[in-house]
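> I am attaching a structure below and will ask some questions about it afterwards.
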Amino acid sequence: MKYYVDSKILESDKPLSLGEIFNKLDLGSNVLGAEVEGEVKDFYFNPADESKIYPIFLDNEKSLTLIRHSTAHILAQAVQSIYPNTKVTIGPVIDDGFYYDFYTDRNFTEDDLKLFENKMHEILEKNVLFEKEIINRDEALKIFSDMGETFKKEIINDLDESQEISLYKQGDWFDLCRGPHLPNSTFIKSFKLLSVAGSYWRGDETRESLQRIYGTAFSNPKDLKKHLKIIEEAKKRDHRKLGKELDLFSINEEIGPGLVLWHPNGSVIRNIIENYWREKHIESGYQIIYTPHIAKANLWETSGHLEFYSENMFSQMEIDANKYQAKPMNCPFHIMIYKNGLRSYKELPIKYAEIGTVYRYERSGVLHGLFRARGFTQDDAHIFCSLDQIEQEVNDVIDLTTEFLKKFGFSEYEIFVSTKPSKYVGTDDEWSSATNSLKKSLDNKLLKYSIDEGGGAFYGPKIDLKIKDVLGRSWQCSTIQVDFNLPKRFDLEYISSNNQRLQPVMIHRAIFGSFERFFGILIEHYGGAFPTWLAPYQLKLLSVSDEQVEYVNDIADNLRSAGIRVDIDNRNEKLGLKIRESEISKVPYIGIVGKNELENETISIRKYGGKQIGELKSNQLLELINDELSGRVDS
């Protein structure tokens with residue numbers, strides 16, 4: 001056996017676990033696990049011959065997977081220590097933390113979280129080892145049956161016969177788990193239980209109701225403190241909270257969960273985004289199209305959605321003895337437009353773009369405001385091209401994407417290239433060519449990216465782009481996907497220069513992902529204080545008394561005719577109240593008109609946040625706002 005551990009080579013006449021490998025190499029006590037074939041593994045993992053092993057130390061970001069998973073187990077032990085009748089289900093690592101789901105008659109409270117944290121500290125004081133034990137299926141079923149852990153029995157019964165069944169023990173307590181875990185609990189020093197929420201077993205609302213405890217853990221107190229500060233700021237920026245306060249959107253249970261109502265204020269912003277989107281796409285050679293919201297079910301059989309995606313599709317409806325389906329995707333419609341005529345190589349690339357609303361059945365437990373909805377509108381586009389055009393088309397999409405994101409205030413992002421998975425369609429040569437085209441396009445732009453080995457869709461490789469907001473949080477938005485599958489399923493063709501019938505390649509791409517999700521990200525990124533060009537109202541005029549009402553109305557009319565979005569507050573209320581409410585609405589400019597302003601034919605202007613600009617004539621105010629909108633002054 002030969003193992004490559006960073007720059008070292010270890011040879012052995014027998015297979016070794018990671019723990020044994022690290023011990024032989026004397027890597028020290030700060031090694032927590034390793035990354036092998038792109039996955040985090042613990043000391044009990046047995047790497048294959050010729051494996052490349054990258055040790056994970058405490059200061060490595062990968063260590064958080066081990067720390068958080070192990071902390072989740074400490075939490076489960078603490079909960080069952082305090083409430084012994086509680087049943088444990090699953091406790092995975094998630095972005096920025098972990099959760100654990102429990103089955104109990106109790107409704108966990110904030111006070112319970114404090115109890116659990118204290119008990120976790122008690123457990124950690126004992127410096128427990130995380131020990132793995134392999135057991136057979138019958139033994140596992142008996143152990144958890146005797147314990148009354150029905151959820152664990154269900155998990156075991158669902159495992160494939162070839163799958164290893166393992167327990168992880170920490171002192172007297174243990175759990176069914178695949179790992180990975182820390183070697184011991186001394187590395188768990190900075191953790192916090194964050195909240196309690198309801199959930200359903202396996203996300204199915206027809207199954208048992210569970211109590212989900214969210215938590216997080218870091219390798220040091222400084223990072224934990226920083227994260228908790230971000231969480232507090234994120235609560236203030238929550239798009240659901242601000243959406244209500246700023247009257248941007250709502251989700252009405254009488255209409256249905258996950259279905260968004262865009263209010264006038266939110267609709268102004270959406271209209272601005274849509275107009276910009278159309279303008280830029282037309283400039284970039286896209287043809288704008290519109291497609292229906294439903295189609296015959298046969299279309300989704302051809303596309304494969306009924307086979308691979310049916311659980312996320314709404315129930316079929318019958319019309320004139322035919323089965324119809326609400327569309328979960330726009331792609332088959334774009335394909336049918338392509339198929340409407342015989343295509344020549346001279347026409348390629350053909351680029352269709354649509355602001356298309358789709359409907360997907362998301363389980364109620366995962367719905368989350370604008371971020372996870374059942375009806376949403378994609379900024380969808382599909383490019384039909386030849387294999388040798390992929391690189392240039394991807395290059396152009398990257399340019400368009402980065403231009404869009406910069407316009408909306410996002411200049412930082414992470415990029416991933418996802419390569420061929422174990423199950424795929426298309427030839428190896430096609431995959432190699434397409435993947436290299438994606439990489440070359442990014443290299444040409446000098447954009448750094450990571451490789452997600454095997455992470456591509458079954459129909460082709462892809463680029464995923466995650467934007468970072470003002471709090472440093474990552475959001476998956478933009479994607480570029482190369483597809484060999486749908487052109488084959490729908491028998492797409494074009495006539496080549498030598499009169500051959502060839503199959504085009506299809507590139508799926510979205511910049512925002514969906515208008516709803518992107519709008520939610522914008523709300524949280526700006527904390528509801530949108531830049532002037534995006535704000536529902538750019539100026540709010542306040543009269544001090546009835547004497548100024550006519551003058552205020554005249555100013556508003558003049559500015560509106562010049563394209564400025566103006567709101568008016570002529571109510572017979574105290575000025576202080578009007579100013580406070582205007583600040584709460586986060587309007588970029590507030591104009592106050594009192595007796596002096598009326599006499600001087602001016603407006604007293606202040607900017608959001610309290611900055612006093614002073615008295616301006618109406619034409620000066622218009623010039624100020626237009627200068628900002630044109631980029632001549634900072635927004």
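> Looking at GLY28 and the list (1) part of a loop (DSSP other than H, G, I, E, B); (2) at pLDDT 95 or above, which single condition is not satisfied?
(2) is the only condition that GLY28 fails.
The rows are residues; the columns are (1) loosely packed, with under 12 Cβ neighbours inside 10 Å; (2) part of a strand (DSSP E or B); (3) not assigned by TED's automatic domain parsing to the domain that holds ILE134.
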| position | (1), (2), (3) |
| --- | --- |
| LEU10 | no, yes, yes |
| PHE22 | no, no, yes |
| LEU32 | no, yes, yes |
| VAL40 | no, yes, yes |
| PHE45 | no, no, yes |
| ALA48 | yes, no, yes |
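> Tell me which of these LEU299 doesn't satisfy, since it passes every other one: (1) among the hydrophobic types (A, V, I, L, M, F, W, C); (2) farther than 26 Å from ARG501 by Cβ; (3) not assigned by TED's automatic domain parsing to the domain that holds VAL505.
Every listed condition holds for LEU299 apart from (2).
> Is the stretch 92-101 home to any residue that is touching an Asp or Glu at 6+ places or on another chain (Cβ under 7 Å) and either in contact (Cβ under 8 Å) with a residue 24 or more places away in the chain or closer than 17 Å to PRO180 by Cβ (or both)?
Within the stretch 92-101, not a single residue is touching an Asp or Glu at 6+ places or on another chain (Cβ under 7 Å) and either in contact (Cβ under 8 Å) with a residue 24 or more places away in the chain or closer than 17 Å to PRO180 by Cβ (or both).
> Step by step: first the residues of the stretch 564-605, then only those that are over 17 Å from PHE530 (Cβ atoms) and of a type in the set (Gly, Ala, Ser), then the one that is nearest to the chain's Cα centre (by Cα). Which residue is that?
Restricting to residues being over 17 Å from PHE530 (Cβ atoms) and of a type in the set (Gly, Ala, Ser), the top hit is GLY591.
> Within the bounds of the stretch 526-546, is there any residue that is touching a residue at least 12 places away in the same chain (Cβ under 8 Å), among the charged types (D, E, K, R) and closer than 18 Å to ASN619 by Cα?
Yes, the conditions are met somewhere in the stretch 526-546.
> Scan the stretch 442-454 for residues that are modelled with pLDDT under 90 and part of a helix (DSSP H, G or I) and jot them down.
If the condition is that a residue be modelled with pLDDT under 90 and part of a helix (DSSP H, G or I), then ASN444 is the only one that fits.
> Would you be able to tell me the number of residues in the stretch 155-208 that are in a helix (DSSP H, G or I) and either surrounded by fewer than 15 Cβ atoms within 10 Å (Cβ to Cβ) or on the phi > 0 side of the Ramachandran plot (or both)?
The number of residues fulfilling the criteria is 5.
> Checking the condition surrounded by fewer than 19 Cβ atoms within 10 Å (Cβ to Cβ), closer than 20 Å to LEU167 by Cα and under 30 Å from the mean Cα position of the chain (by Cα), which residue from PRO92, PRO84 passes?
On the way: PRO84 fails: under 30 Å from the mean Cα position of the chain (by Cα).
One residue alone meets the criteria, PRO92.
> Residues that are without any contact (Cβ under 8 Å) to a residue 24 or more places away in the chain and surrounded by 15 or more Cβ atoms within 10 Å (Cβ to Cβ): does the stretch 210-231 have at least one?
Pass one, the stretch 210-231, residues without any contact (Cβ under 8 Å) to a residue 24 or more places away in the chain: 222, 225-226, 229.
Still in the list and also surrounded by 15 or more Cβ atoms within 10 Å (Cβ to Cβ): none.
Looking through the stretch 210-231, none of the residues is without any contact (Cβ under 8 Å) to a residue 24 or more places away in the chain and surrounded by 15 or more Cβ atoms within 10 Å (Cβ to Cβ).
> Related question: Residues ARG571, ARG565: which one is of a type in the set (Lys, Arg), closer than 26 Å to ILE269 by Cβ and touching a residue at least 60 places away in the same chain (Cβ under 8 Å)?
Numbers: ARG571 fails: touching a residue at least 60 places away in the same chain (Cβ under 8 Å).
Result of the check over ARG571, ARG565: ARG565.
> Please pick out the residue among GLU122, GLU133 that is assigned to a strand (DSSP E or B) and free of Cβ contacts under 8 Å to residues at least 60 places away in the same chain.
The conditions single out GLU133.
> Which residue is surrounded by the most Cβ atoms within 10 Å (Cβ to Cβ), if the candidates are limited to the stretch 527-566 and must be part of a helix (DSSP H, G or I) and among the polar types (S, T, N, Q)?
Result: GLN548.
> Same structure, new question: Tell me, which residue of the stretch 574-595 that is free of Cβ contacts under 8 Å to residues at least 12 places away in the same chain and not charged (D, E, K, R) is surrounded by the fewest Cβ atoms within 10 Å (Cβ to Cβ)?
That would be GLY576.
> Report yes if ASN127 is at pLDDT below 95, touching a Ser or Thr at 6+ places or on another chain (Cβ under 7 Å) and within 18 Å of ASN184 (Cα to Cα), otherwise no.
In short, yes.
> Still on this structure: Condition first: at pLDDT 95 or above and among the β-branched types (Val, Ile, Thr). Now tell me which residues in the stretch 566-601 satisfy that.
VAL566, ILE568, VAL587, ILE590, ILE592, VAL593
Residue by residue, here is whether (1) modelled with pLDDT of 90 or more; (2) of a type in the set (S, T, N, Q) holds:
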position	(1), (2)
TRP300	no, no
HIS305	no, no
ASN312	no, yes
ASP320	yes, no
TYR324	yes, no
CYS331	yes, no
MET336	yes, no
LYS339	yes, no
LYS351	yes, no
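> Find the residue count for the stretch 410-436, including only residues that are part of a helix (DSSP H, G or I) and either outside the structural domain of GLN481 (by TED's automatic domain parsing) or under 27 Å from HIS305 (Cα atoms) (or both).
Count: 8.
> Also, quick follow-up: What's the total number of residues in the stretch 488-510 that are under 28 Å from the mean Cα position of the chain (by Cα) and either part of a helix (DSSP H, G or I) or surrounded by fewer than 22 Cβ atoms within 10 Å (Cβ to Cβ) (or both)?
Initially, the stretch 488-510 is screened for residues under 28 Å from the mean Cα position of the chain (by Cα), giving 505-510.
Narrowing further to those that are either part of a helix (DSSP H, G or I) or surrounded by fewer than 22 Cβ atoms within 10 Å (Cβ to Cβ) (or both): 510.
Number satisfying all stated conditions: 1.
> Looking at GLN325, GLN316, which is the one that is among the polar types (S, T, N, Q) and more than 27 Å from PHE484 (Cβ to Cβ)?
GLN316 is the lone residue from the list that is among the polar types (S, T, N, Q) and more than 27 Å from PHE484 (Cβ to Cβ).
Yes/no matrix, rows are residues, columns are (1) exposed (fewer than 13 other Cβ atoms within 10 Å of the Cβ); (2) out of contact with any helix residue (DSSP H, G or I) (no Cβ under 9 Å at 6 or more places or on another chain):
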| position | (1), (2) |
| --- | --- |
| LYS280 | no, no |
| ILE289 | no, no |
| PHE308 | yes, yes |
| ILE319 | yes, yes |
| ILE337 | no, yes |
| TYR345 | no, yes |
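The values are calculated or read from the model by the stated rules, or taken from the named source; none is laboratory data. Keep in mind it's a predicted model, so treat the numbers as computed, not measured. Methodologically, a virtual Cβ is constructed for each residue, glycine included, from the backbone with ideal geometry; neighbour enumeration extends over all protein chains shown.
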